[in-house]
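The values are calculated or read from the model by the stated rules, or taken from the named source; none is laboratory data. Because the structure is a prediction, the values reported are computed rather than measured. Here the Cβ positions follow ideal geometry from the backbone for every residue, glycine too, while neighbour counts run over all protein chains shown.
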Amino acid sequence: MCSAERTDDRTTAARIRDAAILRFGEVGFGKATVRDIAADAGVSPGLVLHHFGSKAGLREACDEHVVAEFGRSRIEAVESGTTDPFAAMAGVQGEQHLMRYFLQGLRDNSPGAGRLFRSLFEETLRLMELSVEQGVIRPSENLHDLTAVLLGWQFGGLLLQEQVAQVFGTGTDAAEMMPRYACASIEALTHGVFADTRYEDAWREYAASGEPPPVQDDPA
């Protein structure tokens with residue numbers, strides 16, 4: 001064999017899984033077929049079913065892999081102690097296929113979408129706990145709920161990326177949109193939005209009293 005030729009050192013199952021991640025991310029789980037995924041991986045449809053049992057079984061394997069990759073890269077960054085924002089941005093750029101997979105997987109309003117979000121939440125909560133320990137983020141009185149809300153905001157914004165891009169006046173590809181999206185997100189997370197604590201104080205007062213907050217009459 002010519003030295004320029006290289007063999008794919010992934011297992012057949014890994015090649016099928018990786019091909020499925022790309023295919024699911026491009027067209028969604030419903031439109032992707034076992035036949036197309038098999039062709040992308042260079043195997044027969046029967047071999048896909050041999051390894052994963054069904055398309056649903058393949059999706060479960062893909063979900064497990066992408067969530068693990070999502071968590072691994074972020075936990076490694078926190079544990080390393082590096083806070084280089086440019087390295088973090090480069091890492092995000094290299095994860096576009098994962099983001100496309102998540103967006104397709106979360107928008108289909110199926111039990112699979114719920115399981116995927118739950119897995120993402122559990123992985124992100126681990127990351128948030130580690131980030132608090134490492135001093136990367138401030139402690140929270142309810143890190144569980146904060147994690148759920150932040151994760152919902154993150155992927156909710158990405159699910160609306162076409163609308164956000166229209167307001168930005170850019171395309172939806174990462175090179176055009178991501179710098180502005182990242183800048184606004186980092187500003188909000190670093191400095192907050194409200195100028196003072198009046199809303200937090202009012203909510204704490206309401207929560208402590210157990211009474212419903214006052215509601216003004218509808219002028220209509």
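Miscellaneous remarks
- Among (1) at pLDDT 95 or above; (2) in a helix (DSSP H, G or I); (3) β-branched (Val, Ile, Thr) - the single one VAL78 does not satisfy: (1)
- Subset of segment 141-161 (residues that are more than 23 Å from VAL66 (Cβ to Cβ) and free of Cβ contacts under 8 Å to residues at least 12 places away in the same chain): GLU141, ASN142, ASP145
- Residue in segment 123-132 that is in the same structural domain as GLU26 (by TED's automatic domain parsing), closer than 22 Å to ARG23 by Cα, in contact with a Leu (Cβ under 8 Å, 6 or more places away or on another chain) and in contact (Cβ under 8 Å) with a residue 40 or more places away in the chain present: no
- Residue check for GLY30: in the same structural domain as GLU133 (by TED's automatic domain parsing), touching a residue at least 40 places away in the same chain (Cβ under 8 Å) and out of contact with any helix residue (DSSP H, G or I) (no Cβ under 8 Å at 6 or more places or on another chain): yes
- Residue satisfying condition, being at pLDDT below 85, among the small types (Gly, Ala, Ser) and within 22 Å of the chain's Cα centre (by Cα), within set ALA184, ALA174, ALA188, ALA165: ALA174
- Members of segment 1-45 that are among the β-branched types (Val, Ile, Thr), at pLDDT below 95 and within 14 Å of HIS65 (Cβ to Cβ): THR11
- Applying the set (1) under 21 Å from ALA113 (Cβ atoms); (2) surrounded by 16 or more Cβ atoms within 10 Å (Cβ to Cβ) to GLY152 leaves exactly one unmet item: (2).
- Within segment 57-75, considering residues that are within 30 Å of GLY30 (Cβ to Cβ) and at pLDDT below 85, the one surrounded by the fewest Cβ atoms within 10 Å (Cβ to Cβ): SER73
- Yes/no for ARG100 being modelled with pLDDT under 95 and part of a helix (DSSP H, G or I): yes
- Check on MET89, in a helix (DSSP H, G or I) and either modelled with pLDDT under 80 or of a type in the set (Phe, Trp, Tyr) (or both): yes
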